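*Asks:* Structure in structure tokens, see below.
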């Protein structure tokens, strides 16, 4: 196992711990804390598995990464999400285009950061689908019911904005809530790029424990790869009602 693993654990957990500490000790924050800590532990486990693994060629295409101008992407995010987010440059490329939901239309995922503060006690529903990305096995009922105030908890971190039917959105029509998503997912610290996976099914992946490994999911559309320099990381995919993750190693 990589001797730097404990340091990775600290670096991964620190932003989440800081956000949760800031949020306070209400009943709702305790629920969020427990679920996010559980998800963070899953990410750390995957990190250890990747450190010991070997990268291999898979049907992943870097050529599908979006090369929009910064101004164009910023404008699209502003049109669809108002002044809440700005495009993040922590990943390069920081966006990817593909048919994520299998409806034959072009969709777009962009790495974003919160651009302004929100009231952490705001329990209203946002004007978009705010989803915790679940693993491939968890029931949808296990997801955190995320509200506007939860954005403030994770402000130091990275979010992923998804716009379905991006061509229509670029024409100025981005009002439908069902076509806009903001994904909460604690990415592996070594992740440095976004790629697209084109295929019917993801290859088998491991979290480092055979008893816990799940079979690869069949895909409705293209999967989004959040990977490191060895093409190892996590795949995000649409299951028909929400985005989920599966290890990609």
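*Asks:* For the list (1) surrounded by 14 or more Cβ atoms within 10 Å (Cβ to Cβ); (2) without any contact (Cβ under 8 Å) to a residue 60 or more places away in the chain; (3) over 25 Å from residue 89 (Cα atoms), I need the number of the one condition that residue 179 fails.
*Replies:* Here residue 179 meets the rest and fails (3).
*Asks:* Quick one: residue 212 ticks every box in (1) out of contact with any strand residue (DSSP E or B) (no Cβ under 7 Å at 6 or more places or on another chain); (2) within 22 Å of residue 115 (Cα to Cα) except a single one, so which number is it?
*Replies:* Of (1) out of contact with any strand residue (DSSP E or B) (no Cβ under 7 Å at 6 or more places or on another chain); (2) within 22 Å of residue 115 (Cα to Cα), only one is false for residue 212: (2).
*Asks:* With the requirement that a residue be part of a loop (DSSP other than H, G, I, E, B) and crowded, with 16+ Cβ neighbours inside 10 Å, what does region 214-228 give you?
*Replies:* 216, 217, 219, 220, 221, 222, 228
*Asks:* Scan region 191-201 for residues that are crowded, with 18+ Cβ neighbours inside 10 Å and either in contact with a helix residue (DSSP H, G or I) (Cβ under 9 Å, 6 or more places away or on another chain) or assigned to a strand (DSSP E or B) (or both) and jot them down.
*Replies:* 193, 194, 195, 196, 197
*Asks:* For residue 155, are the conditions met, namely being within 16 Å of the chain's Cα centre (by Cα) and closer than 19 Å to residue 239 by Cβ?
*Replies:* No.
The rows are residues; the columns are (1) in a strand (DSSP E or B); (2) under 20 Å from residue 129 (Cβ atoms).
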{"residue": "157", "(1), (2)": "no, yes"}
{"residue": "162", "(1), (2)": "yes, yes"}
{"residue": "182", "(1), (2)": "yes, yes"}
{"residue": "211", "(1), (2)": "no, no"}
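*Asks:* Tell me, which residue of region 229-238 that is outside any strand (DSSP E or B) and touching a helix residue (DSSP H, G or I) at 6+ places or on another chain (Cβ under 9 Å) is farthest from residue 142 (Cα to Cα)?
*Replies:* Only one residue tops the list, namely 230.
*Asks:* In addition: Looking at region 52-99, which of its residues are closer than 22 Å to residue 179 by Cα, in a loop (DSSP other than H, G, I, E, B) and modelled with pLDDT of 90 or more?
*Replies:* 82, 83, 84, 88, 94, 99
*Asks:* Given the criterion buried (at least 17 other Cβ atoms within 10 Å of the Cβ) and at pLDDT 95 or above, identify the matching residue among 169, 139, 161.
*Replies:* Sole residue among the options that is buried (at least 17 other Cβ atoms within 10 Å of the Cβ) and at pLDDT 95 or above: 161.
*Asks:* I need the full set of residues from region 102-116 which are in contact (Cβ under 8 Å) with a residue 12 or more places away in the chain, assigned to a loop (DSSP other than H, G, I, E, B) and farther than 16 Å from residue 78 by Cα, in order please.
*Replies:* Scanning region 102-116 gives 102, 103, 105, 106.
The values are calculated or read from the model by the stated rules, or taken from the named source; none is laboratory data. Please read all numbers here as calculations on a predicted model, not as lab measurements. Positions of Cβ are generated from backbone atoms using ideal geometry, with glycine treated the same way; all protein chains shown enter the neighbour counts.
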